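Visitor: After the structure tokens below, expect a handful of questions from me.
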Amino acid sequence: MATGKLIGADDATAGARASSELVWFSKSTAVATGTMTEFKIKVPAGYSGHVKVAIYADSGGEPAGRISYDNTSYAVVAGWNTISFPSTNILNGTVYWLAVAAEAYVVGYSGSGVERLKTITYSTYTFPDPAGTGYTSDTLGDLFAGWGVVPQTLLPSSIVQAIAYGTPTVATAALIIYPTSVVQPISIGTPALLYPQILLPSSIIQAIVYGTPSVGIVGQAGFIYPQSIVQQISIGSPIILKYVWHVILDGQYATETPGVNRAYIIGRDQYGNPVWGEAQDSTEIALVGERLDFQPDPAIPTTAQAGDVASAVLSKMRLRGKGGVILIPPNCGQELFDVVQISDAGANQSAVTFRVVGIRFEYNPKLARYQYRLILGAP
């Protein structure tokens, strides 16, 4: 970025304006695009005073809407004076009106121009929006200008310069590099086909017959036919194994409401400030009321982690709220953590699901005991 003139005059000489307190607008066309940040005023030799500055838009050759201004009274002396101005965007080739309100015998002029002026009371004057009417026309060229930041542009911006990088090296004599717009197929070799081919779903062991592909002559380029036919393959239907109607020799069941249905975990962040997270079981709260538990844990540094731990506490309470023990004949398919469904009319259990959290095999010939003891928990 560079600083330069965006709009206005830059004459080196100036004549004195012999008049009383005035505001006047000088018409000017921007010579560059940028951000105006300075208002420069030329004061003739031997003169000084105070000024206020502004910039207006043009409409039909007359000053119109106020774009930006500064009603602060600035002292100026002979020569060019630079005044800080609110940042204002200026567009190259656009007509603007630079406005100055001043005491007598302050601003200089040189050459010819287009301006509008009006007598004012300087001490109470504020730039109006819009500029309004009632101004006198004049043809003097006022010596003030707008300066600011002018973006730097690299030219030309539309020339593409081709650069020679040299000749590429080809590793294989049979490989030829064509122009970039030609698609060159390259033979990579013959794919190897392994037998047998078996596709298995993730949980089903299902063998599938694909048939024998046709392969080209040995020693020549090999291709697997047909190349363009998509062959649908039947994988089969999954088989769900379900063991039903196992006799329950004996059973005990317990379903209790959790001891805690709302948990607060209080931790501490890296600066020693408390953080907390909360979780609740709204269903249980509606049934039995709120059962609140506070647990401090300084090792937890964030609110999110505190909320996760609170949820884990409620999950643990839920798992403890349901359990039981049943005795059944041995079952070769029974595994730990299986979910089982129990119907026991005598214990008021109808298709109630439990998870097997423990298995104990009991074999005692003297007592004629050959059975599984399944320890049950919440599913």
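Visitor: Restricting to the range 49-81, name every residue that is without any contact (Cβ under 8 Å) to a residue 40 or more places away in the chain and surrounded by 21 or more Cβ atoms within 10 Å (Cβ to Cβ).
Guide: Within the range 49-81, V76 is the sole residue that qualifies.
Visitor: Going by what's in this entry, would V339 be described as touching a residue at least 40 places away in the same chain (Cβ under 8 Å), surrounded by fewer than 13 Cβ atoms within 10 Å (Cβ to Cβ) and out of contact with any helix residue (DSSP H, G or I) (no Cβ under 9 Å at 6 or more places or on another chain)?
Guide: Judged against the criteria, V339 is a match.
Visitor: Let me spell it out: the conditions are (1) exposed (fewer than 15 other Cβ atoms within 10 Å of the Cβ); (2) more than 31 Å from the chain's Cα centre (by Cα); (3) not charged (D, E, K, R), and Y271 meets all of them except one. Which number is the exception?
Guide: Result: Y271 fails condition (2) only.
Visitor: Oh, and also: Being outside any strand (DSSP E or B), over 20 Å from S315 (Cα atoms) and either in contact with an Asp or Glu (Cβ under 6 Å, 6 or more places away or on another chain) or of a type in the set (A, V, I, L, M, F, W, C) (or both) is the requirement here; does I248 meet it? Let's see the steps before the verdict.
Guide: Working: outside any strand (DSSP E or B): yes; over 20 Å from S315 (Cα atoms): yes; either in contact with an Asp or Glu (Cβ under 6 Å, 6 or more places away or on another chain) or of a type in the set (A, V, I, L, M, F, W, C) (or both): yes.
So I248 fits the description; yes.
Visitor: If I filter the range 244-285 down to residues being of a type in the set (A, V, I, L, M) and touching a Lys or Arg at 6+ places or on another chain (Cβ under 9 Å), which single residue comes out as modelled with the lowest pLDDT?
Guide: A254
Visitor: Take D308 and decide whether it is in contact (Cβ under 8 Å) with a residue 12 or more places away in the chain, in the same structural domain as P274 (by TED's automatic domain parsing) and assigned to a strand (DSSP E or B).
Guide: On the way: in contact (Cβ under 8 Å) with a residue 12 or more places away in the chain: yes; in the same structural domain as P274 (by TED's automatic domain parsing): yes; assigned to a strand (DSSP E or B): no.
Answer is no for this residue.
Visitor: May I ask you to say which residue of G333, G324 is surrounded by fewer than 13 Cβ atoms within 10 Å (Cβ to Cβ), touching a residue at least 24 places away in the same chain (Cβ under 8 Å) and over 45 Å from the mean Cα position of the chain (by Cα)? Give the derivation first.
Guide: Working: G324 fails: surrounded by fewer than 13 Cβ atoms within 10 Å (Cβ to Cβ).
The conditions single out G333.
Visitor: Same structure, new question: What pairs come up if the first residue lies in the range 342-365 and is surrounded by fewer than 14 Cβ atoms within 10 Å (Cβ to Cβ), the second is assigned to a loop (DSSP other than H, G, I, E, B), and their beta carbons are under 6 Å apart, counting only those six or more places apart or on different chains?
Guide: From residues that are surrounded by fewer than 14 Cβ atoms within 10 Å (Cβ to Cβ), the pairs are T353/P379.
Visitor: Continuing with the same structure: Does the range 343-379 hold any residues that are assigned to a strand (DSSP E or B), aliphatic (A, V, I, L, M) and farther than 17 Å from E256 by Cβ, and which are they?
Guide: A351, V356, I359, L374
Visitor: Condition first: of a type in the set (F, W, Y) and either exposed (fewer than 14 other Cβ atoms within 10 Å of the Cβ) or under 17 Å from S123 (Cβ atoms) (or both). Can you find one or more residues in the range 88-102 that meet it? Write out each step before concluding.
Guide: Residues of the range 88-102 of a type in the set (F, W, Y): 96-97.
With either exposed (fewer than 14 other Cβ atoms within 10 Å of the Cβ) or under 17 Å from S123 (Cβ atoms) (or both) added as a condition, the list becomes none.
Looking for residues that are of a type in the set (F, W, Y) and either exposed (fewer than 14 other Cβ atoms within 10 Å of the Cβ) or under 17 Å from S123 (Cβ atoms) (or both), one finds none in the range 88-102, hence no.
The values are calculated or read from the model by the stated rules, or taken from the named source; none is laboratory data. All values reported here derive from a predicted model rather than from experimental measurement. Counting neighbours? That spans all protein chains shown, and the Cβs are built from the backbone with ideal geometry, glycine included.
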